[in-house]
1. Show that you can apply the helix-only estimate: for the chain, add -39,500 (n - 2.57) for every DSSP H stretch of four or more residues, divide by all residues, and state [θ] at 222 nm to the nearest 500.
2. Under the √(5λ) rule applied to the eigenvalues of the Cα gyration tensor, what semi-axes describe the equivalent ellipsoid of the chain? Give them in Å, descending.
3. Carbon and sulfur: what percent of the chain's accessible surface (1.4 Å probe)?
4. Assigning unit charges at the beta carbon (Lys, Arg +1; Asp, Glu -1) and nothing else, what dipole magnitude in debye, to the nearest 20, does segment 134-245 show about its Cα centre?
5. Relative contact order of the chain, please, whole-number percent, based on alpha carbon pairs below 8 angstrom and at least 6 residues apart.
6. From largest accessible area down, sort Thr91, Thr117; use a 1.4 Å probe on the protein chains.
7. Under a Cβ-Cβ cut-off of 15 Å, what is the net charge of the residues other than Ile50 that fall near it, where Lys and Arg count +1 and Asp and Glu count -1?
8. With every protein chain kept in place and ligands, DNA and RNA left out, what is the accessible area per residue of the chain? Probe 1.4 Å, answer in Å².
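The values are calculated or read from the model by the stated rules, or taken from the named source; none is laboratory data. These numbers were taken from a predicted model, which means no experiment stands behind them. Note that we place each Cβ from the backbone using ideal geometry, even for glycine, and neighbour counts take in every protein chain shown. SASA here: full protein model, heavy atoms, side chains in, ligands and nucleic acids out. Shrake-Rupley method; radii C 1.70, N 1.55, O 1.52, S 1.80 Å.
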Amino acid sequence: MRRWLIAALLALTASQALGNTTTPIAFCHDSEDRPPRFYVREGEWQGHDIDVLDHLFADSPWRYRIDAIPWRRCLQSTQAGKQHQAVLSATYSVERAAHYYFSHSYYAQTPAYIYMTDANRPAPDITRPTDLSRYRVCGVAGFNYVGFNLSGKGIDQGAKDLSQLIDKLIAGRCDIALSRAEIIQGRRQLGRLRWPAELELRAIPRASAERYYIMVSRNAPNAKQLINLINHGIERLAKPPRDAP
């Protein structure tokens, strides 16, 4: 219980250090549905990422807002630290770390690949991540695929979103499309992804779970105080009070 109270006090101190509480902290998120993390239902955005933000700001005088915009524009806008100060659901890369502070990881997803099963295209023989380099691989523009361990293999990232990525795969412009299993499964359950019977989704064998973070722009006002506030909230989320049921 004492540890819980200390964390709460630290979070309050961090939030007070951020200054003016009348202007909300601006987060951005990819505008394409990413169930169960972030998706539209009955005309409103909802999902686990919003639940996390509600938790992080529950005991803070600060408010937040989320703008759902195309992923590349989200990164560009947040890097400057003015229009947006933080990005939700981002993976780590050295290049990104030069521009952003990374929070503690707050969830993980499964690296996966999609392929077509028809008479003219034998199924890919994938037993480890490095096997992907033997095939024509496609991804989405602006997405980070460092965790897929392609050993420097170039990825065709011409697709602007997941739907266009699937279209390229079906058209035979690549052998394999990269994604995360949970995102594909969520989109399919909501009926928001073209998925003919010939498509197959597989987890990449021997690939580590991919960790996700909140990124705060190094150029944002009071960036270090904001990342501290976020981290204290994530710690509380991971460690409930000892007297909790």
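1. -9000 deg cm²/dmol
2. After diagonalising the Cα gyration tensor, the semi-axes are 36, 18, 17 Å.
3. In the chain, the share of accessible area belonging to carbon and sulfur is 49 percent.
4. Taking the Cα centre of segment 134-245 as origin, the dipole is about 160 debye.
5. 31
6. Sorted by accessible area, descending: Thr117, Thr91.
7. Computed value for this residue: -3.
8. Ligands and nucleic acids excluded, the figure is 50 Å² per residue.
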